Amino acid sequence: MSSLSYISITQNLISLKPFLKSSKTSLSSKLLLRTPRQASRYFIPLLAFWAVLNISQLLLSHPPACSRHPHHHHLRQNAQKLDNFWKWAYSGVPNVRPCLDFSESYRNSSLKGRSPKYMMAVVSGGLNQQRNQIIDAVVVARILGAVLVVPVLQVNQVWGDESEFGDIFDVQHFKQTLKDDVVVTSSLPSTHLRNRRVRSPVMPFNADEHWVRENYVHKLGRETVLLLRAFDSRLTKNLKPDLQKLRCKVAFEALKFQPWIQEIADKFIKRMKKDGPYMALHLRLEKDVWVRTGCHSGLGKEADLVIANERASNPQFLTSRSKLTPQQRYHAGLCPLNANDISRLLKGLGASRKTRIYWAGGEPFGGQDALKPLQSQFPNLFNKWGLAGPGELDGIKHKPSVMAALDYAVCLESQFFMASHGGNMARSLQGHRTYMSHGKHIRPNKKLLVKIFMDKGASDDEMEKRIKQIHTVSVDGASVLTNNTNIDVIGFPIPYCMCSRERTS
C-alpha cells in the first residue's frame, strides 16, 4: 500500500523581477507586442497566475499531520474555536479504542463438522429493550454452540408496531459480522420446519454460563428447536471476558440499522451540524413515564391528579418503592428531570442560548407546554419532526421502532449527550458513544441536583459552580482498568472491549 504523498511547492516565492528589469529589450518587445494596450492583455493574466502559485505555496507547503485518530484530532481542532461549554464538552473523553482481542481458544472453537442445532429467540418491548435481548440471544447461542435463527420481534401491544428484524436492522451485515462467532440463519431449513419447538425454562435473574448449559443443552436436538422467550435482563453481567467482548461486538458492530433508516438519520445529523456542534437530550416526559415512576411532572395540580388517577387504576405499573410519596421520590433522585430541571442543569453546565439541541423521545405529557421552560432558554431546540421536510416522515410515522431508530442514530452522532432519566436507550447510547469515541455524555446526579435546586440562598454563580462540579468526572472513566468483573459492558465497554490507544497488541 503506497504511503500518502503531498505536492511539493518551492519555498521561494515566484518573482516577476526577471521579466520587469529594465534592459535593452522591453517586455513588450520580448513578447512581440508593440503597444502597452496589447501587453496589458497578457500581463494581467500572468500576474493572476503568479498570485495563484504563491497562494498554493502557502496552503500546500506544510501538509497537515496525519492523525491516526481523526475523530479526536477533529474534536481538538474544533474545541479551540468554541465557547467554554463546548470546550468542556470535548474534554475528558477517555483515550481508548475498541479492542476485541478474543482469546485463542475462543477463536479456534468452531461449529464446522457438527450437526447443526437450532435456536429461536422472541424479543419483546421497545426497540432498545429488544436490542438488549438480541445481544443476549447471540451470547446464549454461542454458549450452546447453536445456530441462531434471526430473532423474532414480538408485536408491541402498547405501540402496535409490527416491524420485523429485517425492517429495522441490516440482516446481511448482522450475519457477516458474527460469522466467526455464531452461525446466523434467516429462517429454519425445510428439514426443521416440522420439528417440535421446545420452550426453554424461564431464565432466572443473573443466570450464568453454567446455568445456561445445564438447562438448555439437553433441549437442543435433531428433532427439536429451542425457543427462547422472556429473558430480558436475565443473563448475568459477570461473564467470561470473551463473552463480554461478544456482547460489545453485537451491540456496537453487528446491530446496524437498515441503510434507508440511516440515510434519513444522516440528513437530520447534517441539518443539526449546519451551524456547528450539537448536543442531544433523551427526554423521558411521556405520560407512562410519570405513571411508572410515581413522580410529579411539574405541570401543576391538575396534571398531578391525572397521573395519580392513572396510577391508581394500574397499580401494577408502580413496582419500585411503592410506599414513597412523589415528594420523597423527587428528593431521593428517583424522578425524571422535567424541562425546567433540564434547563437549569444546562445553564449550570455553561450552555448558552445559541446551543443547538436535538431532543429524542415520545410526545411529552402536557404537549408543547411541557417543553416551554426548556425552549424559552434554548430556542434552538429540535426533534425529528422539526428537522423533517414536508412529507419526509409520512411513510414511517406510525412505526415507533423506526422512529426510535432515528432518534438513536442522531443522538449517537452528537458531540454531547444526556438523558433526563435512565433506561435502555440511555444505557446503550452511553456505551456505544464511548466505543465510538463520540464526545462526552453525562448521567445527571439527580439526588445532588435536587439539593442544589432546593438551596434558595445560593447565588446563580454558586449554583452553576456546584452543578458543574458534580458532573466533572466522566462516567466513562469509572470502570477504566478496574478488576470488577460484574460490569455492564453495554453501558461501560471499558475495560473489556476497549484498551489504551497507545497499546500496540
>> With the requirement that a residue be in contact with a strand residue (DSSP E or B) (Cβ under 8 Å, 6 or more places away or on another chain) and open to solvent by less than 100 Å² (accessible area, probe 1.4 Å), what does region 198-207 give you?
In response: Val198, Ser200, Met203, Ala207
>> Every residue in region 184-202 that is within 17 Å of Leu228 (Cβ to Cβ) and modelled with pLDDT under 95, please.
In response: Ser187, Leu188, His192, Asn195, Arg196, Arg197, Val198, Arg199, Ser200, Pro201, Val202
>> So, restricting to helices (runs of 4 or more DSSP H) that lie completely within region 353-449, which ones have at least 3 residues that are of a type in the set (A, V, I, L, M)?
In response: 400-412, 424-436
> Of all the residues that make up region 340-381, how many are touching a residue at least 40 places away in the same chain (Cβ under 8 Å), under 21 Å from Arg271 (Cα atoms) and surrounded by 17 or more Cβ atoms within 10 Å (Cβ to Cβ)?
Replying inline: 9
>> Quick test for you: out of Lys256, Lys274, pick the one residue that is modelled with pLDDT under 95 and either touching a strand residue (DSSP E or B) at 6+ places or on another chain (Cβ under 6 Å) or of a type in the set (D, E, K, R) (or both).
In response: Lys274
>> Looking only at region 182-223, filter to residues that are touching a helix residue (DSSP H, G or I) at 6+ places or on another chain (Cβ under 9 Å) and in a strand (DSSP E or B); which one of those is nearest to Ile135 (Cα to Cα)?
In response: Val184
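The values are calculated or read from the model by the stated rules, or taken from the named source; none is laboratory data. In this text the structure is predicted, and so the values were computed from the model without any measurement. Here the Cβ is made from the backbone with ideal geometry for all residues, glycine too, and neighbour counts use every protein chain on show. Side chains are part of the model used for accessible areas, which takes the heavy atoms of the whole protein and leaves out ligands, DNA and RNA. Shrake-Rupley method; radii C 1.70, N 1.55, O 1.52, S 1.80 Å.
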